[in-house]
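Here's the structure, in structure tokens; my notes come after.
Please treat every number below as a calculation from the coordinates, not as lab data. Quick caveat, the model's predicted, so the values are computed rather than measured. Neighbour counts are summed over all protein chains in view; Cβ atoms, including those assigned to glycine, are modelled from backbone coordinates with ideal geometry.
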Amino acid sequence: MPLIEALAAGIPVLASDLPVFREIAADIPDYLDPLDGPGWCARLSAYAQPDSPARAAQLARIDDFKQPTWTEHFQHVDGLLETLGQ
């Protein structure tokens, strides 16, 4: 499931630690090194536990997530395009 859609649905996200994901979701997901296979396995196992503190903490952060509207998205795009034209 795409990152924005998962957060909008209240689903915890484990994401590769890449600038694009941090730009989209800020500090809500838990980020992992994309090349750290054992780290991913450990984090997935931890999240699968019913009493996972990491999952509970992220669910609390998700409560503050507001999915951008298309208008907000394109206002951001327009702002970026204006800076390119300068």
(message) Once you compute Rg and the Kirkwood Rh from C-alpha atoms, what is the Rg to Rh ratio for the chain?
(response) 1.07
(request) For residue 17, enumerate residues with amide H under 5 Å from its amide H, sequence gap 5+ or separate chain, H modeled in the peptide plane. (result) 32, 33
(request) Towards the positive end of the charge dipole of the chain, with charges on Cβ (+1 Lys, Arg; -1 Asp, Glu), say which of 85, 19, 32 has the farthest Cα. (result) 32
(message) Using only the alpha-carbon atoms, how far is helix 37-48 inclined from the longest principal axis of the chain? Give it as 0 to 90 degrees, nearest 10.
(response) 80
(request) Output the relative contact order of the chain, whole-number percent, from Cα pairs under 8 angstrom with separation of 6+ residues. (result) 30
(request) Could you give the size of the charge dipole of segment 9-75 about its Cα centre, using +1 on the Cβ of each K and R and -1 on the Cβ of each D and E, expressed in debye and rounded to the nearest 20? (result) 140
